[in-house]
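Asker: Please find one structure pasted underneath; my questions will follow.
The values are calculated or read from the model by the stated rules, or taken from the named source; none is laboratory data. Everything numeric here is computed off the predicted structure, so don't read it as measured data. Virtual Cβ from ideal backbone geometry, glycine too; neighbours counted across all protein chains shown. Accessible surface areas use protein heavy atoms only, side chains included; no ligands, DNA or RNA. Shrake-Rupley method; radii C 1.70, N 1.55, O 1.52, S 1.80 Å.
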Amino acid sequence: MMNKELHSDLPIPPGEFLEEVLEDLGMNKDELSRRMDRPAAKLSAIFRGDKAITPETALQLEKVTGVPAHIWAGLESEYRLMLARIHAKSEFENKKIESPLITKYCYKELVRLGYAEKKTKPSDKVDELQKYLCVTSLSNIVNIKRYHPFFKQNLNKHNKISSEALISWIRMGEIEAQKIQTNSFDAGKLYNFIPDLRQMTLKPPDKFQSEFVTKFSDAGVALVVVPHFPKTYSHGASFWLNKNKAVLMITIRGKWADMFWFSLIHELGHILLHNKQQIFIESDDISFVNQKFEDEADKFAADNLIPSAELKHFVNNNIFYKKDILEFADKIKIHPGIVVGRLHHDIIIPQAWFNDLRERY
């Protein structure tokens, strides 16, 4: 019989050539199935191009059709190569479309911090972002449940918060949290740990850091300290990596120590008080947060840093000399800078007073 070869810019499955050969031979597909002793369903997948012609199948086809096995193998190879070319071209075009997102997803920041490799071509930069965010396309990110709030909220109002920057920042927290071994979450242990946190405020970070991380891990919380990202306007976040592991992200960003501790216990409040399905972001932009949940977390942090009854008694005395603040802080076993920060926040004393008692981390 006459050998037929296909030359086309379109990916034509070898099954189409096989149909022509069968027609020349006066053989239908059922007969081919019986002659090859192969299920008709599997041969149908070959005709559609869904299943590849293996070397073994090529040898069987040679016996039944008389067309040499290397022809079948060559047609299959050409078909798969053409599909790969089309896929590569499509992927390249998609990366071109996604290239404006390179800056939005903080590519330079990720390179600087070692989370992405430095590349020159925009398509390679997009590829690095896809790997970092664990997606085949940046457009898929909208389908990831944890990131839904960033697309539902009007984050880009007044060109302030970038949803893409927030997602890159949260992703960093996920990556670092996955590296931390924790026990299963235990709310009781976490509550019991809070008094220890207050006393840790009296120590410099290098003195409490090891105990700090261990206690959180023991209670099932991965504590992640991450850098601030531009256009996030966020200092902390909390969410659940899985049902047994909570993540508490915190950024220092040149913070006063009292603000650091408040942010930390604020996020603990979200973990202990609120739904595991939600992600909570501590943000400068009030329009982004759920004010009810934020108020609850604020109260949790305020009451656990300085018990409300103790604070009320101190404030009612209406005496706020430095020695009085130091005595009160010593009495409740907390850093005096946290007392000053609270008095500033509640507008009990002027913002300029006693900042020398506060610390910066």
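Asker: Apply the a/c threshold of 1.5 to the C-alpha gyration tensor of segment 193-259 and tell me whether it is rounded, prolate or oblate.
Answerer: Because a/c hits 1.5 or more and a/b fails to exceed b/c, segment 193-259 counts as oblate.
Asker: Would you work out the charge dipole size for the chain about its Cα centre, treating the Cβ of every Lys and Arg as +1 and the Cβ of every Asp and Glu as -1, and quote it to the nearest 20 debye?
Answerer: With Lys and Arg at +1 and Asp and Glu at -1, about 860 debye.
Asker: On to the next question. How big is the antiparallel share of DSSP beta bridges in segment 194-304, given as a percent to the nearest 5?
Answerer: 65 percent
Asker: Here's something else I'd like to know. Over the chain, average the accessible area per residue using a 1.4 Å probe and give it in Å², no decimals.
Answerer: Spelled out: the 1.4 Å probe surface of the chain, per residue, equals 54 Å².
Asker: When only Cα pairs under 8 Å and 6 or more residues apart are kept, what is the percent relative contact order across the chain?
Answerer: Dividing the mean separation by the residue count of the chain yields 11 percent.
Asker: Report the full-extension gain for the segment Ala45 to Thr136: residue separation times 0.36 nm, less the Cα-Cα distance, to one decimal in nm.
Answerer: 30.1 nm
Asker: Compute, for segment 158-199, the length of the dipole vector about the Cα centre, with Cβ point charges of +1 (Lys, Arg) and -1 (Asp, Glu) only. Units Debye, rounded to 20.
Answerer: 100 debye
Asker: Still on this structure, please answer the following. Okay, helix-only estimate at 222 nm for the chain: each DSSP H run of n ≥ 4 adds -39500 (n - 2.57), divide by all residues, round to 500 deg cm²/dmol; what do you get?
Answerer: -17500 deg cm²/dmol
Asker: A further question on this structure: Need one number: % antiparallel among DSSP beta bridges in the chain, to the nearest 5. Please report the intermediate quantities before stating the final value.
Answerer: Details: 11 of 16 bridges.
Just about 70 percent of them are antiparallel.
Asker: Taking a ≥ b ≥ c as the square roots of the eigenvalues of the Cα gyration tensor of the chain, is the shape rounded (a/c under 1.5), prolate (a/b larger than b/c) or oblate?
Answerer: prolate
Asker: Determine the share of the chain's accessible area contributed by carbon and sulfur atoms, expressed in whole percent, with a 1.4 angstrom probe. Could you put the intermediate results ahead of the total?
Answerer: Numbers: 10060 of 19370 Å².
Using a 1.4 Å probe with all protein chains present, the chain comes out at 52 percent carbon and sulfur.
Asker: Over 32 Å between C-alpha atoms is what I'm after, so list which of Lys96/Lys231; Lys160/Lys312; Lys125/Lys179; Lys145/Lys333 land there.
Answerer: Numbers: Lys96/Lys231 24 Å; Lys160/Lys312 38 Å; Lys125/Lys179 25 Å; Lys145/Lys333 42 Å.
Result: Lys160/Lys312; Lys145/Lys333 exceed 32 Å.
Asker: Another one. Treating only the Cβ of Lys, Arg, Asp and Glu as charged (+1, +1, -1, -1), what charge dipole size does segment 202-361 show about its Cα centre? Round to the nearest 20 debye.
Answerer: Approximately 300 debye in magnitude.
Asker: Say the cut-off is 27 Å between C-alpha atoms; which of Lys119/Lys245; Lys203/Lys323; Lys131/Lys243; Lys243/Lys331 go over it? Intermediate results must be reported in sequence, preceding the final value.
Answerer: Working: Lys119/Lys245 34 Å; Lys203/Lys323 20 Å; Lys131/Lys243 25 Å; Lys243/Lys331 39 Å.
Going by Cα-Cα distance, Lys119/Lys245; Lys243/Lys331 fall outside the 27 Å limit.
Asker: Starting from the Cα of Lys29, draw a straight line to each of the lysines and keep only those under 25 Å, dropping any in the same chain fewer than 8 residues away.
Answerer: Straight-line reach from Lys29, under 25 Å: Lys4, Lys42, Lys51, Lys63.
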